[in-house]
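Step one of this worksheet: look at the structure below.
The values are calculated or read from the model by the stated rules, or taken from the named source; none is laboratory data. Quantities reported herein were computed from a predicted structural model and do not represent experimental measurements. No Cβ is skipped: glycine too gets one built from the backbone with ideal geometry, and neighbour counts run over all protein chains shown.
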Amino acid sequence: MLESIKTAVARFSMITGGIILILMMLQVVIDVFMRAFLGAGFPATADLVGKYYMVAVSVLPLALTELKRRHIEATIFTQNLSRKALKTVLLFGFLVFGVVLAVLTYGSMLEAISKTTRGAYIEAGLVHFITWPSYWILPFSFGLALVIIVIRIIEVLTNRFHDGGHDVLEELESLKEEA
């Protein structure tokens with residue numbers, strides 16, 4: 001069950017992130033082309049990129065980053081710990097991260113509800129560009145990451161978490177050998 005949730009989150013994050021990057025690239029390229037050859041581009045391209053695309057690209061991968069264990073870690077302090085001590089440190093770290101994510105999810109959800117209720121928008125020239133949907137990207141992304149952290153806590157408590165510590169230099173060497 002937990003593995004299927006993790007797989008679904010990973011697939012969703014990768015596919016959605018890829019689509020968003022492609023859409024952003026296309027919008028910017030078309031806007032630049034239109035400005036260069038037609039004298040005017042899409043209205044609100046900068047606003048769309050700043051309010052939607054960049055927000056999604058910045059925070060949506062948070063859950064995937066944890067799934068791949070790519071957050072910055074100072075393993076110099078934990079590499080020689082006993083199994084029990086390491087489990088305690090990991091559990092403490094996941095709990096703190098979970099609390100932070102819960103606070104971020106809650107706070108950003110309150111903001112999203114407020115902006116949705118008010119129908120938030122910005123004026124881009126003559127166009128009223130709605131921005132309230134973009135406020136939902138944050139609570140969704142933080143909530144997705146929170147789901148992964150809850151899974152991590154369950155895995156640590158049930159002894160199913162395997163960090164699979166990796167050496168960056170070994171990874172670089174293996175990539176170099178494959179090339």
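A compact table of results
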read-out	value
Set ILE137, ILE148: member being closer than 30 Å to PRO43 by Cβ and modelled with pLDDT of 95 or more	ILE137
Identity of the residue in the stretch 28-46, within 25 Å of the chain's Cα centre (by Cα) and surrounded by fewer than 17 Cβ atoms within 10 Å (Cβ to Cβ), that ends up farthest from ILE122 (Cα to Cα)	VAL29
Selection count, the stretch 80-110, where residues are loosely packed, with under 15 Cβ neighbours inside 10 Å and basic (Lys, Arg)	2
Matching residues in the stretch 13-46 - criterion: being without any contact (Cβ under 8 Å) to a residue 40 or more places away in the chain and within 26 Å of VAL150 (Cα to Cα)	ILE15, GLY18
Residue check, VAL55 under 29 Å from TYR135 (Cβ atoms) and surrounded by 13 or more Cβ atoms within 10 Å (Cβ to Cβ)	yes
Close pairs from the stretch 141-159: first touching a residue at least 24 places away in the same chain (Cβ under 8 Å), partner in a loop (DSSP other than H, G, I, E, B) and crowded, with 17+ Cβ neighbours inside 10 Å, Cβ under 6 Å, at least 6 apart	SER141/LEU60; GLU155/PHE161
Helices (runs of 4 or more DSSP H) completely within the stretch 1-62 that count 2 or more residues being at pLDDT 90 or above	2-38, 54-59
Checking ALA112 against (1) within 30 Å of VAL156 (Cβ to Cβ); (2) touching a Pro at 6+ places or on another chain (Cβ under 8 Å); (3) of a type outside the set (Ser, Thr, Tyr), the condition it does not meet	(1)
Subset of the stretch 84-131 (residues that are assigned to a loop (DSSP other than H, G, I, E, B) and in contact (Cβ under 8 Å) with a residue 40 or more places away in the chain)	GLY125, LEU126, THR131
Residue in the stretch 68-79 that is in a helix (DSSP H, G or I) and either surrounded by 15 or more Cβ atoms within 10 Å (Cβ to Cβ) or without any contact (Cβ under 8 Å) to a residue 24 or more places away in the chain (or both) present	yes
Top-ranked residue in the stretch 1-27 [being of a type in the set (D, E, K, R) and surrounded by fewer than 15 Cβ atoms within 10 Å (Cβ to Cβ); ranked as farthest from ALA63 (Cα to Cα)]	GLU3
